[in-house]
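Here is the structure we will look at, set down as structure tokens.
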Number of protein chains: 2
Amino acid sequence: MPGRSPARSRRATERKGDVRERAILDTCEALLAQKGYDAMTVGDLAQGAGITRGALYFYFGSKQEAVTALVARTVEHLWERSRTTAQADEPRQAIAAAMQRTVDLWNEHGLVMRTAIDLSLTVPEIGELWSRTADLFITAITAVLERAGVEAGTEPEQASAMARALCWMIERSFYHASQESREELQRASSTCEHIWLISAGLVG
Amino acid sequence: MPGRSPARSRRATERKGDVRERAILDTCEALLAQKGYDAMTVGDLAQGAGITRGALYFYFGSKQEAVTALVARTVEHLWERSRTTAQADEPRQAIAAAMQRTVDLWNEHGLVMRTAIDLSLTVPEIGELWSRTADLFITAITAVLERAGVEAGTEPEQASAMARALCWMIERSFYHASQESREELQRASSTCEHIWLISAGLVG
DNA sequence: CATTAAAATCGACACTGTGTAGACTTTCGG
DNA sequence: CCGAAAGTCTACACAGTGTCGATTTTAATG
């Protein structure tokens, strides 16, 4: 890997490699949509980026590494957004807002997110990224539940564990729905929101 | 594939191939646990079953086919059980019983079930098997919700859609928990049961 | 602007796993 | 006991992977 992780500080001119690297990730995303992870070959990736396999290995050590980088790019963008978004105070509003943001997220990045989920078992790096992302959500849900009056704590029927289950519910529902259509995603969102509200004791 | 699906009727002597086929599937299950799907090779499979690769291709056309057969075997066993299990009338009891059965299922077959879920995207055959299994659960959950007074119908806040979301919640929660430990699975079950009860309006 | 070290690229090679073909052996019903 | 079906093996052709050393391009610098 070239000029990677450590604070890339201010750089005068953009290295040619940076452009290529982006091209590779873009190609990766496109191929993932076209043929899926398994069918996608390192050769395809290189060809799509306009270089040979040999050259591609200069950037990424394997298909997995490339996809991991793609997931990292997407997930960072996702963290960015969640950091800069205001949190509502009133639970009902907070829930509605969170669900809407999540729908947007899946509409934009559904493909990469599904890929991340699929690979989080087999590629530890991706597993780590995704689990950190999930933790963000779980923490947020926990906070809302507690503010709505659900007992705090980590026992099976307290806020933390419930938040985890709700998070998985949303993940899986969106995973499936986002494969179908935007409408389906919207419907899934409504259902999940409803269950979340009930679980928070905000609907009777 | 040799003497497969169609009613195997009563057979005088068991074909040698039937034994071998079972051996292959058993080996497959063991290898899945040891090294996981990706790392498992057709050669490993053959070796584990005491034959050469060439011979293995007599039984299954590929690694995927073998795993599909393993999933089919497990899932059939699962359907069998759900068919012969009595359904309780009282919703609270029905929910508790269903959750307990599901815990048992995951304790026994967690590995294969996780594999099935992972591969249901990439292997259409497995996707079909698993989606049919999920439908069984969704139907059952729907019935319980309706008996508990949740409005019937397929709109996002009616029984059917809610059942689907709850099913995904359980699937995903169990998927993760069953990787950890039996205790974790039991705790996840409690949490899911709690949310199911609340969603059915039976607690609160 | 000539130099030069780093960055980027290429083609060829060795390796591993897949799936197929054809020949050989075992099993077992008639 | 004989012949067909069932089961097995070895050998091969092929795909994709990852590595290596040689070569070309880039861009900072004196």
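The values are calculated or read from the model by the stated rules, or taken from the named source; none is laboratory data. If you're wondering where the values come from, they're calculated on a predicted model, not measured in any experiment. Every residue, glycine as well, gets a Cβ built from its backbone with ideal geometry; the counts of neighbours run over all protein chains shown.
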| Could we say that B:GLY36 is within 16 Å of DNA strand C (Cβ to nearest atom), modelled with pLDDT of 95 or more and in a loop (DSSP other than H, G, I, E, B) here? | no
| query | Only one of (1) within 10 Å of DNA strand C (Cβ to nearest atom); (2) in contact with a His (Cβ under 8 Å, 6 or more places away or on another chain) is not met by B:LEU78, so which one is it? | reply | (1)
| task | With the checklist (1) closer than 21 Å to A:LEU121 by Cβ; (2) more than 13 Å from DNA strand C (Cβ to nearest atom) in hand, flag the one item B:THR68 doesn't pass. | result | (2)
| field | Within the stretch A:181-204, considering residues that are touching a residue at least 40 places away in the same chain (Cβ under 8 Å) and assigned to a loop (DSSP other than H, G, I, E, B), the one nearest to the other protein chains (Cβ to nearest Cβ) | value | A:GLY201
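Which of the residues spanning the stretch B:38-57 are touching a Gly at 6+ places or on another chain (Cβ under 9 Å) and either buried (at least 19 other Cβ atoms within 10 Å of the Cβ) or not assigned by TED's automatic domain parsing to the domain that holds B:VAL19 (or both)? Steps first, answer last, please.
Going residue by residue through the stretch B:38-57, those that are touching a Gly at 6+ places or on another chain (Cβ under 9 Å) are B:46, B:52-53, B:56.
Residues satisfying the conditions are B:ALA46, B:LEU56.
Sort out which residues of the stretch B:47-65 are within 9 Å of DNA strand C (Cβ to nearest atom) and over 20 Å from A:ALA39 (Cβ atoms), and write them in order of number.
Of all residues in the stretch B:47-65, those within 9 Å of DNA strand C (Cβ to nearest atom) come to B:52-58, B:60-65.
Once the filter is applied, which keeps residues that are within 9 Å of DNA strand C (Cβ to nearest atom) and over 20 Å from A:ALA39 (Cβ atoms), the stretch B:47-65 yields B:THR52, B:ARG53, B:GLY54, B:ALA55, B:LEU56, B:TYR57, B:PHE58, B:PHE60.
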| query | Condition test on B:ALA134, is it aliphatic (A, V, I, L, M), under 17 Å from A:ALA188 (Cα atoms) and within 11 Å of chain A (Cβ to nearest Cβ)? | reply | yes
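Would you point out which residue out of B:SER160, B:SER173, B:SER178 is in a helix (DSSP H, G or I) and within 8 Å of chain A (Cβ to nearest Cβ)? Let's see the steps before the verdict.
On the way: B:SER160 fails: within 8 Å of chain A (Cβ to nearest Cβ); B:SER178 fails: within 8 Å of chain A (Cβ to nearest Cβ).
When all the criteria are applied, what remains is B:SER173.
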| Mind checking which pairs have a first residue in the stretch B:35-48 that is more than 14 Å from chain A (Cβ to nearest Cβ) and a second that is exposed (fewer than 14 other Cβ atoms within 10 Å of the Cβ) and at pLDDT 95 or above, Cβ under 6 Å, 6 or more apart or different chains? | B:VAL42/B:ARG53; B:GLY43/B:ARG53; B:ALA46/B:THR52; B:ALA46/B:ARG53
